[in-house]
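Asker: Starting off with a structure, shown below.
Derivation of every value follows stated rules applied to the coordinates shown; laboratory data play no part. As the structure is a prediction and not an experimental result, all values here were calculated from the model. So basically every Cβ, Gly included, is an ideal-geometry build from the backbone, and we count neighbours across all protein chains shown.
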């Protein structure tokens, strides 16, 4: 069944369009190869999706000539047949574009209940996102290793130089003999070995979430494996995402016990969330202090050679350097790493060679300090003063020099993050890796005891500067928790006030309104039901577009969602109502791209759903009805797309406490006003935007 006919309005924008109808069973990309009658090659945009047995392919030509539309992977005979119908000639290398593995078949393809982007094969239920298909070459590994010299090892290589001065400050300066010096060296060595090497390199880095690491990545793994529903609008279909994999379904007694505890005690889930927020905010405080203390300590070292350099000049020079570094940072960490990698390499070679020379010439016995016995002797001889000084040893794995208050603050932030990571890692080992209880306990005791020792010594320094990260983390944590609380309450309000589908269906195909040409996109936080904002809109303006789509943009508990899994389309009500629901899913590391053609991708996904909708009977009538509905959707898109967004305002109820009113009416309202809106994220044109005001009482 091969034919071609004019496409909609041939004179639109001076373009002549043709539509070729070809029997296929494969989808095709958005851009396909095309030759006109003169044999000129070009890439054209596809304007139609595919049907189970018939495919519409649309192409455009500015000179008005018919196009021969072919696709890489089509059967060669079908391409030649199409060319003959159009009176076009094919280039001699056409056969090179055909793939014998993708022949047309007479059977219908397997239907999919989860709509995927037409650029990919919808028959592939568990397709892997492109960012996970990349193979890592040796060149990439060497490049990353080289960059790490400028970032990670450049940080670590400078830190041991300042530890002794920090550790032997205060009362401990009275114990500055060989045995105490050996003890501090032993602490430094085993801190590097246990925490930096064994814990982070060998264990924590293995608990990645699709390549992502950190506190949130560990928490995301726990939420998926322990089924902690901390995000609203969770659906079972989210668990079918290729990045949602939760491993084998088998459970151990330990993992089942931990899961059961979280299920029976909902408050423990909230406690875990607060614990994770604390660790994350301490990491933010760590990041705030890192540039300051690193640059300030480096510039302060110049005073050793220039004693007359005033402290005010040290601060001014440090500020200038910080501004210069942050101005370069916008070009990317990888570029900054390339700049500093040669410097760090030269530095590492210098201090290593100097260290070997000094060890051989001056004190070969320092090698004996590698024995952990010296740590015990150090604490035995120095007592409380030695325990307090351990906060300085922590700086050996942070790249810093203790500059009084900032150093104490940084030490507390670092040890807090370490403790949070150890606790979360223990849960990951029990729930995700399903390790035995004795293994988890050994990990927790081995690393937790060491970190708790350092943490307790840093807590002692809270009055001397340790309060800084506590204040920062509490501020950030309050902001995060209030945002989480406000959005959760808004969602609960939407669920309580949503309109049932049965009530909408009872109004008839026109749903009690005048249906005008075009597509109306109503944005909502709900994955089921009709949002209250829609009822508020039609109450004031009883007219709506012929095609109505409820769009829900939501986050899922994975770092990335592939484009082929982004949209989930379903129908709302019978076909004649012309209503659909589109759930648009984003991971916590997904960043909406600029110039993202959301509108075209959404319409393409809806058309694909119509053409592959499950539960419909096969036959000529069914195919004709699908074609007609597809044409109606495309004509509606040509008529225009309108975006209806709810401009919501959350307010605390009159009976709420003063603290709740402050959090909701002031803090949350301020954040909502300054938060980037959905229209900005999805690049909605302002000429097509309608905003409906809603007040939420929480």
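Asker: Rounded if a/c is under 1.5, else prolate if a/b is larger than b/c, else oblate: which is the stretch 227-365, with a ≥ b ≥ c the root eigenvalues of its Cα gyration tensor?
Answerer: Verdict is prolate for the stretch 227-365.
Asker: Sticking with this structure for a sec: Work out the FRET efficiency for residue 366 and residue 267 from their Cβ-Cβ distance, taking R0 = 45 Å, and round it to the nearest 0.05.
Answerer: 0.30
Asker: Still on this structure, please answer the following. To two decimal places, what compactness ratio does the stretch 483-697 give when its Cα radius of gyration is scaled by 2.2 N^0.38 Å?
Answerer: My calculation over the Cα atoms of the stretch 483-697 gives 1.09.
Asker: I've got another one for you. Based on the Cβ-Cβ distance from residue 178 to residue 500, what FRET efficiency comes out when R0 is 60 Å, to the nearest 0.05?
Answerer: So the FRET efficiency works out to roughly 0.15.
Asker: Another question, then. Provide the FRET efficiency to the nearest 0.05 for the residue 356-residue 143 pair, computing r from the beta carbons and using R0 = 25 Å.
Answerer: So the FRET efficiency works out to roughly 0.30.
Asker: Output the peptides 544-550, 652-658 sorted from most to least packed, where packing is the average of other Cβ atoms within 10 Å over each peptide's residues.
Answerer: 544-550, 652-658
Asker: Follow-up. Cβ neighbours within 10 Å, averaged per peptide: list 324-332, 416-424, 509-517 in order, most packed at the top.
Answerer: Answer by packing, highest mean first, reads 416-424, 509-517, 324-332.
Asker: With an 8 Å cut-off on Cα pairs and a minimum separation of 6 or more residues, tell me the relative contact order of the stretch 483-697 in percent.
Answerer: Relative contact order, the stretch 483-697: 23 percent.
Asker: Under the 0.36 nm per residue contour assumption, what length would be gained going from the current alpha-carbon distance of residue 380 and residue 697 to full extension?
Answerer: 108.0 nm
Asker: Here's something else I'd like to know. Sort the following peptides by mean Cβ neighbour count (other Cβ atoms within 10 Å, averaged over residues), highest first: 222-231, 378-387.
Answerer: The peptides rank, most packed first, as 222-231, 378-387.
Asker: What is the distance in Å between the Cα centres of the stretch 248-315 and the stretch 429-507?
Answerer: Measuring centre to centre over Cα atoms gives 13 Å.
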